[in-house]
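Chemist: Mind looking over this structure? Questions follow.
The values are calculated or read from the model by the stated rules, or taken from the named source; none is laboratory data. Please read these numbers as outputs of a predicted model, since none were measured by experiment. Please note: Cβ atoms are built from the backbone with ideal geometry, for glycine as well, and neighbour counts cover all protein chains shown.
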Amino acid sequence: MESPPKNTPSLPGVYLMKDSQKNIIYIGKAKNIKKRIQQYFLSNTTIKTQHLMKKAHSIDFIATKTEGEALLLENQLIKKHQPKYNINLKDDKDYPYFCLTLSEKYPRITIERRIAAKKVNPKNAYFGPYSSSIGNFSRFLSNAFRIRQCNYNMDKRKHACIYADIGRCLAPCIKKGEKGFDREYKNAVDNAMLFLGGDTIKLKEQLEKQMKEYSSQLNYEKARELKNKIESIDAFFQNQCVIDIESKKHADYIAFLSDGKNIEAEVLFVRGGVLIGKKDISFELKDSGNNFEYEFIKQFYFSGDKIMPDIIFLNAKIDKEQSISIEEGLKRVFKKNVRIKNPKTSIQKQLMKLALKNAELNSEIICQRRQRNENTLKELKQMLSLPKLPKIIHAFDVSTIQGNFNVGASVCFVNGVKSKKDYRKFNIYSVKSQNDCAMMEEIVYRRYRSALEKKEALPNLIVIDGGKAQLNSALKSLKKLDLDVPIIGLAKREEEIYVSSKAKPLKFDRNSPAMRLLIAARNEVHWFVISFHRKKRDVLPSA
């Protein structure tokens, strides 16, 4: 493009850059769309921006009412279209949180993974995020505070469950109405809230006060229970990474580590002075990625379900205007003041060093994994005499029950790793009987006809789940499309490899890395198509 598009509005919104094939290659957010797009056409842009603009053929836009709406829309569109020049956070799992259902008379403790603001009950309290540590916290909560975890109807329940029998629930289902029970249960909920909120100093003060009250009433059994609870809290925190017990702030510490091609981001979750979990995230540094810290923060906090911390600490500086933009966006969307800062105190700097150390360790692990995968691909290339390294592998399989519910599927491995965005499912239309070969011919043809139309990257190797017959059917489809792609059949049990140029199957060491990769791809597509077949069978009547 030589000049910016005309009639671009001076409004907040999202802009979409497209290549000559109308494929979206970059999505961005702007406070003022017109001004932002004009910046791309200045003479002093970075080399990476110049490279992006060489690929851009047109620019569309979507105006929004506010910049906050633009932030949300940008991340939704990035997740949907996965543009080439936007960073792609590979880890999009939902984080687990504890929920105290304060909306109920006798609140429960549950573990929730989807807590989007529009779905959250405002009367309930949420704490987190946790990662691998959530199991330890969950066991401690049920032992220490004995708050119910079930979702039984309190009015209809006549007998307590096993959690009450083993001392892990106060059993409001059968004790409701007893003198003093409601106060005892409320105290347990209040104490759990203090614990989850990180205010352990106030929690211990309250428990000690309650203990003295029970002692003065000569209720030594209850006083002893509280003394044991205080000791268990101390013992629990001895096994946790306590950073600053005086702090009540919730903070995330994000350390970035770049090797020029890939980025490792380590996020430490500190809640109330306690390190409760961490997250390792890897992503590729795109050509437009001179601002990857800013892009990462937008995607990480505005996509998925998260409860915002009070402070986000970074080991890198981002533009002040961008920082303010994110802070204002978080405030609009999550109704909370969040500050983005660099660490200043000694404790904050120590935590950032810890985050960076973990990023370095994760980077080493990923580098070793990449090297192993590359060695495996080299072995596979040599083993099958392939013309190129099989960086992209597709595998196909079909499923049927006596000619009913005929379906097929394909999976994709990129550099030896599953690429689930490239998985495909197929309803079989041309075959109404039990004919695996004809079904294989149809799905291979449809998969690559679509790939050619959309100008998608073709695989370096195709794996067919089956023997010579299924392989020949797939070859027919490739010939119809005039495609010359290496293709093999991999039969189950004996793990024999069929190739079109040899009458007899080939046998290799099934425990070699190359064979393990082929078997993994074949098994993955088999599982994928069977799962699809079962879902279809459960929904649709028999033909």
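The rows are residues; the columns are (1) under 30 Å from F269 (Cβ atoms); (2) surrounded by fewer than 18 Cβ atoms within 10 Å (Cβ to Cβ); (3) more than 37 Å from the chain's Cα centre (by Cα); (4) among the small types (G, A, S).
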position	(1), (2), (3), (4)
S138	yes, yes, no, yes
N153	no, yes, no, no
I162	no, yes, no, no
G180	no, yes, yes, yes
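Chemist: For region 104-125, what are the residues that are modelled with pLDDT of 70 or more, surrounded by fewer than 17 Cβ atoms within 10 Å (Cβ to Cβ) and within 20 Å of the chain's Cα centre (by Cα)?
Modeler: I111, R113
Chemist: Give the number of residues within region 375-422 that are basic (K, R) and more than 27 Å from the chain's Cα centre (by Cα).
Modeler: Total meeting the criteria: 3.
Chemist: What number goes with the only condition from (1) without any contact (Cβ under 8 Å) to a residue 60 or more places away in the chain; (2) closer than 19 Å to F98 by Cα that D165 does not pass?
Modeler: Exception for D165: condition (2).
Chemist: Also: When both residues are 6+ apart or on different chains and their Cβ atoms are under 7 Å apart, which pairs have a first residue that lies in region 25-36 and is closer than 17 Å to N291 by Cα and among the hydroxyl-bearing types (S, T, Y), and a second that is modelled with pLDDT of 90 or more and buried (at least 18 other Cβ atoms within 10 Å of the Cβ)?
Modeler: Note: pairs meeting the criteria are Y26/M17.
Chemist: Separate question: Got a number for residues in region 224-252 being among the hydrophobic types (A, V, I, L, M, F, W, C) and either at pLDDT below 65 or under 31 Å from the mean Cα position of the chain (by Cα) (or both)?
Modeler: 7
Chemist: Then there's this: Which one of K492, K507, K455, K480 is in the same structural domain as S399 (by TED's automatic domain parsing), under 18 Å from G408 (Cβ atoms) and either at pLDDT 90 or above or surrounded by fewer than 13 Cβ atoms within 10 Å (Cβ to Cβ) (or both)?
Modeler: K480
Chemist: Of all residues being modelled with pLDDT of 95 or more and among the acidic types (D, E) in region 378-436, which is surrounded by the fewest Cβ atoms within 10 Å (Cβ to Cβ)? Just the residue, please.
Modeler: Ranking the candidates gives E379 first.
Chemist: Moving on to the next point. Give region 404-421 a look and list any residue that's free of Cβ contacts under 8 Å to residues at least 40 places away in the same chain and either of a type in the set (A, V, I, L, M) or under 11 Å from P390 (Cα atoms) (or both), or say none.
Modeler: V414 - this is the single residue of region 404-421 that is free of Cβ contacts under 8 Å to residues at least 40 places away in the same chain and either of a type in the set (A, V, I, L, M) or under 11 Å from P390 (Cα atoms) (or both).
Chemist: Please count how many residues of region 185-217 are modelled with pLDDT of 85 or more, more than 36 Å from the chain's Cα centre (by Cα) and hydrophobic (A, V, I, L, M, F, W, C).
Modeler: Looking only at that region, the number is 1.
Chemist: Let me ask you something else. Taking region 317-347 as the search range and keeping residues that are touching a residue at least 60 places away in the same chain (Cβ under 8 Å) and more than 21 Å from Q299 (Cα to Cα), which one is surrounded by the fewest Cβ atoms within 10 Å (Cβ to Cβ)?
Modeler: Of everything passing the filter in region 317-347, I347 is surrounded by the fewest Cβ atoms within 10 Å (Cβ to Cβ).
Chemist: Here's a follow-up. On the given criteria, is V485 in a loop (DSSP other than H, G, I, E, B), surrounded by 13 or more Cβ atoms within 10 Å (Cβ to Cβ) and β-branched (V, I, T)?
Modeler: yes
Chemist: Only one of these is over 30 Å from Y294 (Cβ atoms) and out of contact with any Gly (no Cβ under 6 Å at 6 or more places or on another chain): F426, F405. Name it.
Modeler: The match here is F405.
Yes/no matrix, rows are residues, columns are (1) crowded, with 17+ Cβ neighbours inside 10 Å; (2) at pLDDT 80 or above; (3) basic (K, R):
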site	(1), (2), (3)
T8	yes, yes, no
G13	yes, yes, no
Y26	yes, yes, no
K29	yes, yes, yes
K35	no, yes, yes
Q39	no, yes, no
T45	no, no, no
D60	no, yes, no
Q76	no, no, no
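Residues checked against (1) at pLDDT below 85; (2) not hydrophobic (A, V, I, L, M, F, W, C):
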residue: E293; (1), (2): no, yes
residue: G304; (1), (2): yes, yes
residue: L314; (1), (2): no, no
residue: I340; (1), (2): no, no
residue: A359; (1), (2): no, no
residue: R369; (1), (2): no, yes
residue: E374; (1), (2): no, yes
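Chemist: Of the residues A144, A192, A171, which single one is free of Cβ contacts under 8 Å to residues at least 24 places away in the same chain, farther than 30 Å from I281 by Cβ and surrounded by 18 or more Cβ atoms within 10 Å (Cβ to Cβ)?
Modeler: On inspection, the qualifying residue turns out to be A171.
Chemist: Still on this structure, I have one more. For region 436-448, check the following and say yes or no: at least one residue is touching a residue at least 12 places away in the same chain (Cβ under 8 Å) and either assigned to a strand (DSSP E or B) or under 28 Å from the mean Cα position of the chain (by Cα) (or both).
Modeler: yes
Chemist: Looking at region 352-359, is at least one residue assigned to a helix (DSSP H, G or I), within 24 Å of the chain's Cα centre (by Cα), on the phi < 0 side of the Ramachandran plot and surrounded by fewer than 16 Cβ atoms within 10 Å (Cβ to Cβ)?
Modeler: yes
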